[in-house]
Every structure is written in structure tokens, then in C-alpha cells.
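The values are calculated or read from the model by the stated rules, or taken from the named source; none is laboratory data. This one's a predicted model, so the numbers in the text were calculated from it and none came from an experiment. We place every Cβ from the backbone using ideal geometry, glycine too, and count neighbours over all the protein chains shown. When the accessible area is computed, the model is the full protein with side chains, heavy atoms only, and any ligands, DNA or RNA have been set aside. Shrake-Rupley method; radii C 1.70, N 1.55, O 1.52, S 1.80 Å.
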Amino acid sequence: MQTNIFIERTMRFCASLLIAFFSATGVFAAVGSDTLREVVAESRRPNHSVSLSSTSPSESVSAVAMKRLGLRGVSDVLRLMGGISVRDYGGLGGMKTVSVRGLSPHHTAVLLDGLPVSNSQAGQIDLSRFATYNMESLRLHIGGPSRILAPALLGAYSGSVAMESRSEGCEAVVEYGSWNTLSADFSSPWASVLYNHTDGDYPFTLSNGQHSSRLHRDHGRVDALQAALPSFLRWTSGPSCSFSLRSSLQGYYSHRELPGSVVYYTNEGTEQLWDLNLSARTRLEGMISEKWSLVAGLQYNYGWNKYFDAALVTDGSDGTSRYRQNEYYLTAGLAYRPLRSLSLALVHDGQWSSLRTNLTGGEQPDRWISWNALRVRYRTSRLNIEGELLATVHRLRETSGLHASPSASCRWTPSLAASVQPWATQSFFVRASWRKSFRLPSFNDLYYYRLGNHDLRPEQATETNVGLTWGHESETWKTELTADFYFNRVTDKIVAFPTTFAWRMTNFGRVDILGLDLGGNVAWRSEQVSFNAVFHISCQDARDRTDSEDSFLATPSAIPYTPAVTGNASLSCVMPWVSVGWTLNWMGRRYSNVIESDRYRLDPFAEHGFSLSRVFYLKGVELIPQASLLNAFDSHFEIVQYYPMPGRHWRLGLTARF
């Protein structure tokens, strides 16, 4: 009976949505052939592309594909890519991080317009603050740097997420959705402003044995304001001399109520977080001649946050912690091409960062890091070989506190990768790569109150990848298939480990990660209709092998939050009268603890999303109304245990381009 009621209500909702959507077409009945020509032209733009000849897995998603699928957050886009997992701490208002192939989020770099986004305090980037409204494209690269003049620090990371801002056109977007969620954005080549708000009080189902209860999420309000003043210049001097300069001033402020974990029907949050971030950046890139090219960049970042926990308020404490960060970053690189197929590059990065806090007895650290990369690339029509040697010099100084003393270290990390096309007539490539990477302990790892350990060593990883790629393209069809087998070994892993009295950060054990990533992209287009389908499947076995023999025949404990199988799929269809998008994310069974018991088990789930949109024109302005139904089948699941995700919800939006 309940199933029939659910189906009936869902059909009524969809019917009402379709009627309202298509009845609006009467207002803009004069679209005519201009709209058809625009739809056809837009359908031929690349939406989701894979680099077949790359020595490491690399794929990108365009702004057109993001809009068709109704993807508004960077984390939503990344969920549709392969080889990574997105950790979501409670849906709306919760922190979102991305990890590559079973490694911690600290091994993933985030770039904005070619320069890194950093957070020395946490060591990982919260992706919830980045939206796709003003974005031209988003690229995921697993492995070393994808470009020879990329920042030198990328050689120390296992993967990177690169976001590229739009530099042309003006756009205004207004969206409203479930739980009083509002987004308003205006972007142009000279200024952009984005405001987000949500009450975050979404319903969820709490299961306790054979009983279940329907509750509402508490303490999930979010208000965020983001503004930027960008500039982009490009000039040419002669046939082989050209430069581009991209600069921006950016500001971000947010006030978030942090939803607490849901344990034994307790759903009360006591924590709040205020964030303020100001940054200035500029990046110059160009070719001096046919053989010489250069890149240079500067960046300053100021971060301030205040954390309040009502549960910590006592007679001697107001429950408030304040942190202030200052970061200066520079990059400079020079590339030389002595032969048509051979390129050499030397890239230097430097970063100075400091952390100050109001905590009594807390350390006030300063850190200087220098990355120096020597890169070699040999590329012909059928062979691509890349090599890098990275030297990282690190110096840490504690200006106060119990451990005020300087420390320094130097670490070398090599990498080698190759891709070959066996047959000239077939778009079939074989690729292989081997590299070492590491991550320095964050300030939180070193100095967090009662948890930090200033004697931590860097976490090290050795990564091996062997893959196959194949593609075929005709006038109407395009097909791309990829398969990558990888093995990662992590030593000196930084984890929180229980001691006699409290938890403490420590270097612990060895982790072996064995996996297989499969992906595919199929596109078809005609004069009036086009569609694009993408899928990814990842199989992974990640085990702690500290106390086991060097053999996969042993059965050591699994790493928390590493499902054996995950997958995603998306489908977009563009027609003259409407564009339709569908997304699917599914994740297999996993555990939140090294103990694989029912208490820590997280059940498999599948999440579907649908979107409808259409392009209209009114007095030279391009209007795109869109309706999205997210988690359409109301799946109840948790990505991080005790933090329930939103059920079925909707979003309506209107985009104006001029």
C-alpha cells in the first residue's frame, strides 16, 4: 500500500513538473531556428573527455556537461570520475574531501587557475566551498604533473584536481531548493559574486535493529559569501612569442553550524565554525621563442577561522578557539626544447606559512618548504616518456610552546612514466608509471590540542600503475575505454592511535592497496540530437599489513571507508526541445573501523539524480531554466558513519547569459 502511494505521489510530482516546464515555452515561442542552431553547436562541444595518450589516468568535465547534469558543487562533479572517493561529512553544510585510490585526502592537490589551493593547518582542502557556476572546466589527474611547467609541488602528490575559471561572458544564476536552499551567482570577466544559504534541516531515517524512526537533521544552517575580482590578459609579439597573465583578488566568508553525529537518537549539534579567507594571486605563462617557454606565479593567502563548541563552555573556558594562517607562495619554471620531440624543464616552488592560535600553551609554528623539480619529456607520434626528480627541502620552526626548536629535512622523490601506441592505425595505447610521493604532517597533526605529535615523520607512498586505453571516433560516434591496474604501498602512515589516556597522532604500519579502475565514454550526435554516456567502476583491496607477512595470502585488517567496489554513471541527452540529464553513484559495503563487524558496517547504496533544462532567447539574452530531482528514489545512506545524507530533494534554477 505504501509503495503504491509513493509511486502515485512521484508520478504526480513529475507530471506537474513537466507541465510547468513545457507550458513556459509558450512565453518564448519565437525561439525558432536560432535555438536549434545553438543547441546543435553546443552539442558538438567536448563534454567529458579522457586523455588516451597520457602516461597517467586523466579526464576532464566541461562547464556544459556540469550544467546539463545539474551539478553545482565540485564534489558532485568528482563523484562522476574514476579512481577517487569523496568523503562527505553530513551532506549540506558538511566538509567534503577527495582521496585518490585509497590514499588519504592529504595526498590530493587542488589547483585553481594553475596555482595550488592550500591549507597548512588541516593539510586537506574542503571542497564544499567551491561551486561550478563560474567554472570553465574541471580536470582530474592521477599521478605526477600533467604539464611540464606545472607547479613543482605536484610531484609530491598522488593526484590533482584542477579547476579553471571562465574568462569570457557574463552569467547570472538563481536557484532555490529543498530545505530553504538558495544560491545566487553573478560572474563576468571583471567580477563575480556568489551567495549560498541553506537551513540544512533535512529528514532522515534512523534504523536501530528492527525499528526505524524518521528524524530531522539538526544544526545544519550555512551562510556563505564569495567574491572575486579577476583579470585576464593575452598578448603576442611575433610568430613564436606569446604570453598570458591571469590575476585575481578573492574573498570567502562563511558561518556554518556543524551537524553532530547521530548516535542513539541523539541529533543535537553544539559546534559552529566561522571561516574567512582572503587571497591574491597572479600567474604569467608564455613562450619566449620556439624553444623556450616560462611560467611564474605569486600567491598570498590569509585564513582566519573561529571554532565554538557549546559543550566545552566551562567556568574557565568560553569554548572558543581561534586560528590565523598566513601563506606566501611562489613558483617559477623554465622549459627548453632542444629537439622537436625532447623537452627539459626546471621548476622551483617555495612556500612560507605560519599558524597562530589563542590556545594557552599552544605552539606558534612557521614552516618553509622548497620544491625543486627537474623534468624530462620525450614525445613522438606514438611514444611518450616522462621523468621527474623532485627535491623537497622542509624547515619547521616553533616560535613558542613546549617544543620550540627548529627542524629541517630533505627528501628526494623520483618518477617515471611511459605511454606507447603499438599500431599507428589504431587509437590503442599501453601506459605504465612508477613514482614515489609523500605528504608532510599538517599543523593539526603536529600541534592539535592533546592529539598532535611534533615528532611525526612524513607519510610515504610508492605507486605503480599499468593501463590500457582505446578510442574510436567517426562523424557521429565517439567511444573511449580505459582500464588501469595499480598497486600502492604506504609506509609511516599518519593515523590517530589510542594511548593509555587519549588518542594521539603517530606513524603506524604499512598499507598495501591493490586496485582496478575501468571507465568508458560514449558519445553520439546527429543534426538535432546528441547524447553522452560515461561510466566508471573501481575495485579495490586496501589492507593494513603491518603485522602480516609480505603476501596477499594473509588476511590482515581492512582500511576503514574503503569499499571493495564503487561505481558511477551519467547520461546527458540534448534535443531541440529539452535537455535531459541522469546521474548514478553507488558504493559497496565498507566498514568505519578496522574491525569488520556489524557495528561498524555501512550498507551499500545507490543514488540517482535527474535534471531537465532548455535554452530560450529573449531580446538577445540566453535563458536556461532547469529543474533537478536529486536522490530521486530516496535512498538512506551514510558515507561517513553516524552522519546521514539527505534523502530525496529538488532544485529549480534560472540561468541568464548575456
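Looking across the stretch 226-257 at every residue that is over 21 Å from the mean Cα position of the chain (by Cα) and over 30 Å from residue 332 (Cβ atoms), the one that is modelled with the highest pLDDT is identified as 255. For the stretch 628-658, the candidate set comprises residues that are at positive phi and either of a type in the set (D, E, K, R) or surrounded by fewer than 20 Cβ atoms within 10 Å (Cβ to Cβ) (or both); within that set, the residue that is modelled with the lowest pLDDT is 642.
For the stretch 113-148, taking the residues that are among the hydroxyl-bearing types (Ser, Thr, Tyr) and not in a loop (DSSP other than H, G, I, E, B), the one that is surrounded by the most Cβ atoms within 10 Å (Cβ to Cβ) is identified as 128.
Picking from residues in the stretch 416-440 that are within 30 Å of residue 121 (Cβ to Cβ) and open to solvent by 20 Å² or more (accessible area, probe 1.4 Å), the one that is farthest from the chain's Cα centre (by Cα) is 436. Of the residues in the stretch 194-211, how many are small (Gly, Ala, Ser) and in a strand (DSSP E or B)? The number of residues fulfilling the criteria is 1. The residues of the stretch 272-303 that are basic (Lys, Arg) and buried (at least 16 other Cβ atoms within 10 Å of the Cβ), listed by number, are 281, 283.
Restricted to the stretch 312-351, and to residues there that are open to solvent by less than 60 Å² (accessible area, probe 1.4 Å) and either out of contact with any strand residue (DSSP E or B) (no Cβ under 9 Å at 6 or more places or on another chain) or not in a strand (DSSP E or B) (or both), the residue that is farthest from residue 297 (Cα to Cα) is 317.
Determine whether the stretch 293-301 contains at least one residue that is touching a strand residue (DSSP E or B) at 6+ places or on another chain (Cβ under 8 Å), free of Cβ contacts under 8 Å to residues at least 60 places away in the same chain and under 22 Å from residue 241 (Cβ atoms). Looking for residues that are touching a strand residue (DSSP E or B) at 6+ places or on another chain (Cβ under 8 Å), free of Cβ contacts under 8 Å to residues at least 60 places away in the same chain and under 22 Å from residue 241 (Cβ atoms), one finds at least one in the stretch 293-301, hence yes. Among the residues here, residue 359 does not qualify as more than 18 Å from residue 445 (Cα to Cα) and more than 27 Å from the chain's Cα centre (by Cα). Comparison of 223, 199 shows that the only residue that is at pLDDT 85 or above and in contact with a Lys or Arg (Cβ under 7 Å, 6 or more places away or on another chain) is 199. Among the residues making up the stretch 178-193, those that are open to solvent by less than 40 Å² (accessible area, probe 1.4 Å), closer than 25 Å to residue 248 by Cα and not in a strand (DSSP E or B) are 188, 191.
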